[in-house]
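Just so it is clear, none of the values below were taken in a lab; they were calculated from the coordinates. Just so it is clear, the model here is predicted, and its values are computed rather than measured. Because the Cβ atoms are built from the backbone with ideal geometry, glycine has one as well, and the counts that use them run over all protein chains shown.
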Amino acid sequence: MAQRKKKPSGHQIQAITQAQHRNEFMRKLKSFVNNVCGEDIYSLLPIKILERIYKLRFHSITTVPAAGILVPNKLLEAQKYILSECLKRETLDLSKYGFKVLLDDYLTIGLTVFAMRHIIRDNDFPNAAKVKSALLNYCTDEEPYDHFYIRLLAIFEAIGWSTSKLGICFYWLKYESKLAEKGKLGINNIVEVYIQEGESRRIKINGTVRPVIRLGWANPFDGIDWIMLKPSALNIKGAISDNPMKVYIQSHALRRLAERIDSIEASLAQYNMYTSFLDAKVCYDNYHNLMIEYRIFGTKAGYFRIDIVENVVVIRTFLFLTQSGTPEGQLLWKNAGLQKLDTSYLAIDKLSTFMSSDIGNNKNIRKIFEDSGCQCLLGLYNSVNDICTKQSTKPTIELMLDYLGFNEKHIQEAVV
């Protein structure tokens, strides 16, 4: 009678897993080394050198709370998962060496190869000098790491967009490589998770004390950057001091931003508010109220109306580009007779209406927006559609043509 096989012990399973990991690492190392060297250099490496390289390798990413920062377990696990998926999906183009590599493999294999010229000593084995010479171009080339850093920064920014919210908390990530501690070998790739609450205060506006939230954003690696504006930057002349002023926003303005920029995540809309104030473009409405342009990835989509109160800048409200309180809204009224109730009825006071490819495909409708300075909204579809969360459910062109009294034959008239 055949004897039943014993289940492998925990130590045996661990040994098998480690052996599989080592074999996979060596397979990728061989491919990477030979690609960057342009010849079979890997076969010149003795087993003892390969073992040393493996022991001193760069390890996979570890995501941890920053020192002294309490990160909820649910959030930490979500950050780990999202980051891991991104690194295993995104590639780094090393076309000058004839191949591409996953960011996850670059962090382990690519950085280990960078370090090999220091791991290998000149007298280690007969072909040591040849190996180090073959690795020289790659190991002194800063371009791959610079490109990697840019890609990692973009991933960190995207994670920040999805988690940070004004008035609640800012989240950001920081990456660095550190020597392994506690007697272990190699170099750890560490991503630290930071959390910081936003700032708020109460300010008396038009006789009423209101809560306001400070405007800033958490940038990867660097943390929170608070927006500061000088009076001179706002075209305010004769100010006693030109010292930078803090910028705050009323909850009302945040709600209006979410209502009117309704096709992208609220946190992403807020990030674009931050970037708009970084390079503040100032103008005035018909009542000489100060306004600052709101831009979505560089494309104008509206304005923030601001006041100077208690020596700080306060954002009172947000106006979509087509609304009556904006210069473009005034032109829409002049060119097409569209007033506040009209824009609301046609829903052209919200971004979602423009998240349809058809709105700019009729020359009559397009001309109205172009003549009113709103042509930028027609181009937002191409730049934002991939990340939009909401689109118009109304037949925009038909509704507008009917409302504005155009002949029905224009409904199907395409761009020429």
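Which peptide among 277-283, 263-269, 151-157 comes first, and what is the full order, when sorted by highest mean count of other Cβ atoms within 10 Å?
In descending order of packing, they fall as 263-269, 151-157, 277-283.
Under 20 Å from a label point 7 Å along Cα→Cβ of R121: give me every residue in the range 167-198 with its amide N that close. Residues passing the 20 Å test: 185-187.
When the dipole is taken about the Cα centre of the range 188-332, and only Lys, Arg (+1) and Asp, Glu (-1) are charged at their Cβ, what size is it in debye, to the nearest 20?
In debye, rounded to 20, the range 188-332 gives about 520.
Cβ crowding within 10 Å, taken as a proxy for footprinting-reagent exposure, orders V312, V36 from fewest neighbours to most as V312, V36.
Couplings 3J(HN,Hα) for the range 51-64, derived from phi with the Karplus relation 6.51 cos²θ - 1.76 cosθ + 1.60 (θ = phi - 60°), are 5, 5, 4, 5, 5, 9, 5, 7, 8, 5, 4, 10, 9, 9 Hz, where x marks Gly and Pro.
For the range 200-320, rounded, prolate or oblate, judged on the Cα gyration tensor with a ≥ b ≥ c (square roots of eigenvalues), a/c < 1.5 rounded, else prolate if a/b > b/c? Since a/c stays below 1.5, the shape of the range 200-320 is classed as rounded.
Along the axis of the charge dipole computed for the chain (Cβ charges of +1 for Lys and Arg, -1 for Asp and Glu, origin at the Cα centre), the listed residues W333, F170, F318 are led at the positive end by F170.
Computed from Cα positions, the angle between helix 143-163 and the longest principal axis of the chain comes to roughly 50 degrees. Ranked by how many other Cβ atoms sit within 10 Å of their own Cβ, fewest first, the residues Y106, Y287, Y194 fall in the order Y287, Y194, Y106.
Taking a ≥ b ≥ c as the square roots of the Cα gyration tensor eigenvalues, the chain comes out prolate, since a/c reaches at least 1.5 and a/b is larger than b/c. Considering helices alone, the calculated mean residue ellipticity of the chain at 222 nm is -12500 deg cm²/dmol, with DSSP H runs of length four and up weighted by -39500 (n - 2.57) and normalised per residue.
Helix 10-37 and the long axis of the chain differ in direction by around 80°, with both axes built from C-alpha atoms. The magnitude of the dipole of the chain, with charges of +1 and -1 set on the Cβ of Lys/Arg and Asp/Glu and taken from the Cα centre, is near 1580 debye.
Each residue of the range 164-179 was assigned a 3J(HN,Hα) from its phi angle through the Karplus curve 6.51 cos²θ - 1.76 cosθ + 1.60 (θ = phi - 60°); the sequence is 7, 8, 4, x, 10, 8, 9, 10, 8, 10, 9, 10, 7, 9, 9, 4 Hz, with glycine and proline shown as x.
Within the listed set G198, G183, G373, the Gaussian network model of the chain (springs between alpha-carbon atoms below 10 Å) gives the highest mean-square fluctuation for G183. Taking only the Cα atoms of the range 154-270, the ratio Rg/Rh comes out at 1.12, with Rh defined as the Kirkwood radius. Averaging Cα coordinates gives a centre for the range 289-324 and one for the range 1-73; these two points are 54 Å apart.
In this simple spin-label approximation, E199 and K174 carry label points 7 Å from Cα along the Cα→Cβ vector, and these lie 1.9 nm apart. On a 0 to 90° scale, report how tilted helix 266-278 is relative to the longest principal axis of the chain, with both axes built from alpha carbons and the result rounded to the nearest 10. Here the helix axis deviates by roughly 80 degrees. Ratio of Rg to Rh for the range 21-195: 1.02 [Cα atoms; Kirkwood radius as inverse mean 1/r over pairs].
Couplings for the range 190-203, taken from phi via the Karplus curve 6.51 cos²θ - 1.76 cosθ + 1.60 with θ = phi - 60°, read 10, 10, 9, 9, 10, 9, 8, 5, x, 10, 9, 7, 10, 10 Hz in order; Gly and Pro are left as x.
Of the lysine pairs in the range 168-306, how many meet both conditions: Cα atoms under 20 Å apart, and a spacing of 8 or more in sequence or different chains? Pairs that pass both the separation and distance tests number 7.
Of all aspartates and glutamates in the structure, the ones whose alpha carbon falls short of 20 Å from that of K130, not counting any fewer than 8 places away in one chain, are E39, D40, E51, D122, D141. Note on R89, R22, R256: ascending count of other Cβ atoms within 10 Å places them as R89, R22, R256, the fewest first. Taking only Cα atoms and a 10 Å spring cutoff, compute GNM fluctuations for the chain and point out the largest among I13, I348, I224. Ranking I13, I348, I224 by mean-square fluctuation puts I13 first.
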